[in-house]
Amino acid sequence: MAGAGISTPSGIPDFRSPGSGLYSNLEQYNIPYPEAIFELAYFFINPKPFFTLAKELYPGNYRPNYAHYFLRLLHDKGLLLRLYTQNIDGLERAAGIPPHRLVEAHGTFATASCTVCRRNFPGEDFRGDVMADRVPRCPVCTGVVKPDIVFFGEELPQRFLLHVADFPMADLLFVIGTSLEVEPFASLARAVRGSVPRVLINRDLVGPFAWQQRPRDVAQLGDVVSGVRALVELLGWSRELQALVQKEKEELDAKSK
């Protein structure tokens, strides 16, 4: 399970940190209150603020960091059953974790849907519009096209239901960089069997790690990347992960030229 804290080292602000979080810095978008930017009723009246934010968060603007590549290495070693992420930045995909291993619980920019005729499109089709500060329009019915980000009151993606099978199967749960405040995502931390170790790598003690601890819980508090690095050293994977990070960096450098 991953939250915004895994992406802040890549330069993306989280939502809830006082002063530095996205919600604290939304005055520039001229909206009545911060959460309005993710409310459908407001979006239909004025989609501009959302697309201004989308331009900032669109995949390609930021790069995965050491923590993302740790999760990629788990996949490469055949150890990753699934990665459940709250993040909409696409950095898990950018790190090379295949979509079938991902549950993007709060949606993704990788796909988009017309709000009128409901046709589906690849998100990349509308990148040009978003970057040029244009509201994307459906080529068929001219309705506003919205990236498949979950707004308040919308249902989570169908893939979220995979948790019913995944969590009882898991034999280890990592919880990395999340406040565990937003439901139903937060409840997943309690969905693994009682005998399964849960490892929290986070700035603070949160959720059941704070108020309903289990005997096999482990908490590594502080900077997320430092916590992941300490774990990688204990596993003896430091050299391997560093090589992966370097290889991926060179590939991204080549792509951006």
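Could you list, in sequence order, the residues of the range 90-103 that are open to solvent by 10 Å² or more (accessible area, probe 1.4 Å) and in a loop (DSSP other than H, G, I, E, B)?
Gly90, Gly96, Pro98
Condition check: crowded, with 20+ Cβ neighbours inside 10 Å, within 17 Å of the chain's Cα centre (by Cα) and either assigned to a loop (DSSP other than H, G, I, E, B) or free of Cβ contacts under 8 Å to residues at least 24 places away in the same chain (or both). Does Leu180 satisfy that?
Yes: the conditions hold for Leu180.
Report, by residue number, each residue of the range 180-197 that is among the polar types (S, T, N, Q) and either in contact with a strand residue (DSSP E or B) (Cβ under 6 Å, 6 or more places away or on another chain) or closer than 23 Å to Phe152 by Cα (or both).
Across the range 180-197, the qualifying residue is only Ser187.
So which residues in the range 1-31 are part of a loop (DSSP other than H, G, I, E, B) and either in contact with a Pro (Cβ under 7 Å, 6 or more places away or on another chain) or at pLDDT below 85 (or both)?
Pro13, Asp14, Phe15, Arg16, Ser17, Pro18, Gly19, Ser20, Gly21, Leu26, Asn30, Ile31, listed by residue number.
Check Gly60, Gly78 and return the single one that is at pLDDT 95 or above, open to solvent by 20 Å² or more (accessible area, probe 1.4 Å) and part of a loop (DSSP other than H, G, I, E, B).
Gly78
Can you report the number of residues in the range 198-222 which are under 25 Å from Lys77 (Cα atoms) and either open to solvent by less than 40 Å² (accessible area, probe 1.4 Å) or in contact (Cβ under 8 Å) with a residue 24 or more places away in the chain (or both)?
Total satisfying the criteria: 6.
Can we say Val135 is open to solvent by 70 Å² or more (accessible area, probe 1.4 Å), farther than 19 Å from Ile12 by Cβ, touching a residue at least 24 places away in the same chain (Cβ under 8 Å) and part of a loop (DSSP other than H, G, I, E, B)?
It is false that Val135 is open to solvent by 70 Å² or more (accessible area, probe 1.4 Å), farther than 19 Å from Ile12 by Cβ, touching a residue at least 24 places away in the same chain (Cβ under 8 Å) and part of a loop (DSSP other than H, G, I, E, B).
The values are calculated or read from the model by the stated rules, or taken from the named source; none is laboratory data. Remember, it's a predicted structure, so these values are computed and weren't measured experimentally. Please note: Cβ atoms are built from the backbone with ideal geometry, for glycine as well, and neighbour counts cover all protein chains shown. To get the accessible areas, we keep the full protein, side chains included, count just its heavy atoms, and leave off ligands, DNA and RNA. Shrake-Rupley method; radii C 1.70, N 1.55, O 1.52, S 1.80 Å.
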